[in-house]
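The block underneath contains the structure these notes are about, expressed in structure tokens.
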Amino acid sequence: MMNIQVRNVTKKYKDKVALNKLNFTIEGPKIVGFLGHNGAGKTTFLNILSGIIPTTDGELLVNGNPVFNTAQVLRDICFIAETGNFQQDMTVEQSLKANRYFYPKWDQELARKLLKVFALPPKSKVRNLSKGMSSALGIITGLASRAPITICDEPYIGLDVAARSKFYDLLIEEQEVQPRLFILSTHLIDEVSNLFDEVLILDEGELLLQKDYLEWDETILAIRGSAEEVANVAKDHEVIYEQVFMNEKMAVLYLKDDWSNNNAITSERVSLQELLVYLSKQQKARYAI
Amino acid sequence: MKHSLSDQKPIFQQIRERIEEAILDGHLQPEDRVPSTNEFAKEYQINPATAGKGVNELVDKGVIYKKRGVGMFVSEGAREILINERKESFVEQYIKPLKIEAKRLGITEEDLRKML
Amino acid sequence: MNLVKGSFYVFFQTYKKQNVIFWSVLLAIVLFSFFVVLTLVQDTFFMIILSVPIYIFFVTMGSKWLTSTFSYFMKFGLTRLQYVGVTGLFFLCWSLVTALFSTGLHQGIFFLNRVLELEQFMIFHPLYFINPTIAFHFMFLFDFVLLFLCLLCGLLLNYIFFKFGLVGGYSFIGLMVFIPILAIALKWYIPLFDVVGEITIVSFCGVIALVSIVLYTFIAFCLRKLSAVTG
């Protein structure tokens, strides 16, 4: 059972605040979708979670212990970033061999099987791998590490659809055999959102939403109708986004309490992908002035 | 593969509906085994919990029952339960929209009878 | 410990290529010079210095250390303390092995010179200033501590560039160059030569070792909160 506590975590750089007083808890095992538009602070947060950078303020605890520079915690975390996970002059085989020393639960059998599944040439140097192949190497490392907290930041750059599909299958299989807390940060949302147990959305360095994904449809709703009707209904809930088109107003709501059907407006489901598109439109509008 | 799950409806609902349709069309007979949540997960590339929610709704309705340690099976009379349930919502789901659309297009009752 | 084994494995693989190339070139030069002397006419005196290139090589290796391994090890879950620890250990082993090899090479050529009665060929070592027939263990000790110090100096330089960027790094180098100039201007070299005249090799090595330990501790302290992501 893994428990991540984020307490008032803030990260400031010279010219910007990347993360602003984040507060939440993640418990696993489960598959968590960690989402947000570019620049929302996802990678910064994941870097802090993996002990790669320190916080400016606040603390991040795993099972009660701080992450930064703490060996017993770091041993249980495997972080596969977008790039730079491996030494360029080592071969695929050597890289996987090195992993064995750093992850106490490393499964060599699984690694060997996955090498064949993704058809990686073992004697190739990392430097000479294509983007897709080095992503595959990252995925193999993440899966075979069997680390109780496994984090994948955009793990499938360059992977074709078939390889991505293999990854999803492997993810499901792994969770069945030895469940762990998987944190996936990705932009390919519609493909993988069906795998999420929980969803976290960061927006401008703050937590916008954390929800059990099964409750998604009871929480996020889009309504359409005339401007007055929509405003009337929307006032009882939190409006995440709104727009006007063809004399019709549309608002995306974060429901604050139970929804009762209203004949003056139509309501429809908002997919995760759509929500993020609305959020990024909002962000663009903010900077457009 | 995803077997074309749409994102217009919650996934658990679509899983439930697929099982219902299999029963109504006769592909699944009473006492036939229903796939486990893990099997659904692998088949559709979804989270087992999502499949579980859809399956549990059918258990609640008495359409499927659980045999401890063995799996899920279609109940006797499952088809009848589903038929009754669907008959009740038939008016709401199909007739009402039909009337609204017919009104929109100016199709009369006569025309409708002819069409049927 | 698994950690040490793993780290050593990665360090070794990361630097294998550079080592192989460097030593191949160096040894090729030695062999070439040796055969030139054997085949050439008398009265040509051939003297090469191997130590200085090796010291410079080690400073260079040290100066790439953080850039090429820090981020990797942080991603794999080492604490900064562990990283500094395995780095120190690896540096010690590397210096030790290289010092052994280098001393062996020097002594070997010395021996060959005596056996083949060659007078024209010599590999010069800084210690020959003091005593041309220096013993194996003194030469080994000298090289060992000096190589270790070279690695640490390189590492310090890398740290400054890593943390303070190009501006910080080059300013630091500028300052370093400034110091000897200052030393000559202020005539610090007089007491220095006095000390050097008196000191034994062992005490000298002791001083270098002490400086290394201080430097190492300083670097360890600096790395404590270092971010593995630049910018």
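Just so it is clear, none of the values below were taken in a lab; they were calculated from the coordinates. Being a predicted model, the structure only gives us computed values, none of them experimental. Glycine gets a Cβ as well: all are built from the backbone with ideal geometry, and neighbour counts include every protein chain shown.
Quote the FRET efficiency, to the nearest 0.05, computed for B:D7 versus C:S171 with a Förster distance R0 of 56 Å and r equal to the Cβ-Cβ distance. Show your work: numbers first, answer last.
Working: r = 56 Å, r/R0 = 1.01.
That pair, B:D7 with C:S171, gives E of 0.50.
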Does anyone have the angle between helix B:48-61 and the longest principal axis of chain B? Alpha-carbon axes, 0 to 90°, nearest 10?
70 degrees
Of all DSSP beta bridges having both residues in chain A, the percent classed as antiparallel (nearest 5) is 70 percent
Taking the square root of 5λ for each eigenvalue of the C-alpha gyration tensor of segment C:2-225, the equivalent ellipsoid has semi-axes, largest first and in whole angstrom, of 34, 24, 17
Give me the one-decimal nm value for the distance between modelled label points at C:L100 and B:F90, 7 Å along each residue's Cα-to-Cβ direction.
9.1 nm
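Hey, what's the per residue convex hull volume over the C-alpha atoms of chain A, in cubic angstrom?
Details: hull volume 45.6 nm³, N = 289.
Spelled out: Cα convex hull of chain A, divided by residues, is 158 Å³.
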May I ask which residue of C:G85, C:F32, C:G62 lies farthest towards the positive end of the charge dipole of segment C:2-225, with charges of +1 (Lys, Arg) and -1 (Asp, Glu) on Cβ and the Cα centre as origin?
C:G85
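Output the pairs from B:K9/B:K99; A:K125/C:K163; A:K14/A:K125; A:K21/B:K53; C:K17/C:K225; A:K125/C:K64 with a Cα-Cα distance over 27 Å in this structure; if there are none, say none.
Numbers: B:K9/B:K99 24 Å; A:K125/C:K163 29 Å; A:K14/A:K125 37 Å; A:K21/B:K53 35 Å; C:K17/C:K225 31 Å; A:K125/C:K64 20 Å.
Long pairs (Cα-Cα over 27 Å): A:K125/C:K163; A:K14/A:K125; A:K21/B:K53; C:K17/C:K225.
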Using +1 at the Cβ of each Lys and Arg and -1 at the Cβ of each Asp and Glu in chain A, identify which of A:I223, A:Y168, A:I80 lies farthest towards the dipole's positive end.
A:I80
With R₀ set to 22 angstrom, the calculated FRET efficiency between the beta-carbons of A:E206 and A:D236, to the nearest 0.05, is 0.45
Quick one: putting +1 on the C-beta of Lys and Arg, -1 on the C-beta of Asp and Glu, what dipole do you get for segment C:2-225 around its Cα centre, in Debye to the nearest 20?
1240 debye
Across the residues of A:97-104, average count of Cβ atoms on other protein chains within 10 Å?
6
With angles folded into 0 to 90 degrees, how steeply does helix C:65-75 sit against the dominant principal axis of chain C? Use alpha carbons for both and round to 10.
40 degrees
Tell me, what does the Kirkwood hydrodynamic radius of segment B:1-54 come to in angstroms if you use every pair of distinct C-alpha atoms?
11.4 Å
The farthest towards the positive end of the charge dipole of segment B:1-100, of the residues B:A49, B:S36, B:Y94, given +1 on Cβ of Lys and Arg and -1 on Cβ of Asp and Glu, is B:A49
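Work out the length of the dipole vector of segment A:77-232 about its Cα centre, built from +1 on the beta-carbon of each Lys and Arg and -1 on the beta-carbon of each Asp and Glu, and round it to the nearest 20 debye.
Details: 16 positive and 25 negative charges, 314 e Å.
Taking the Cα centre of segment A:77-232 as origin, the dipole is about 1500 debye.
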Note: C:77-84 gets an average of partner chain Cβ contacts (10 Å, Cβ to Cβ) equal to 5
If we sort C:103-116, A:201-214, B:78-91 on the protection proxy, mean other Cβ atoms within 10 Å, highest first, what's the order?
A:201-214, C:103-116, B:78-91
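Taking the convex hull of the Cα atoms, report for segment A:114-160 its projected area averaged over all directions, in nm². Before the final figure, lay out each step's value.
Working: hull surface 13.7 nm².
Projected over every direction and averaged, the Cα hull of segment A:114-160 covers 3.4 nm².
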Quantify how strongly other chains surround peptide C:4-15 by giving the mean number of their Cβ atoms within 10 Å of each of its Cβ atoms.
4
Give me Rg/Rg_expected for the protein assembly as shown, where Rg uses Cα atoms only and Rg_expected = 2.2 N^0.38 Å with N residues.
1.35
Using only the alpha-carbon atoms, how far is helix C:51-62 inclined from the longest principal axis of chain C? Give it as 0 to 90 degrees, nearest 10.
10 degrees
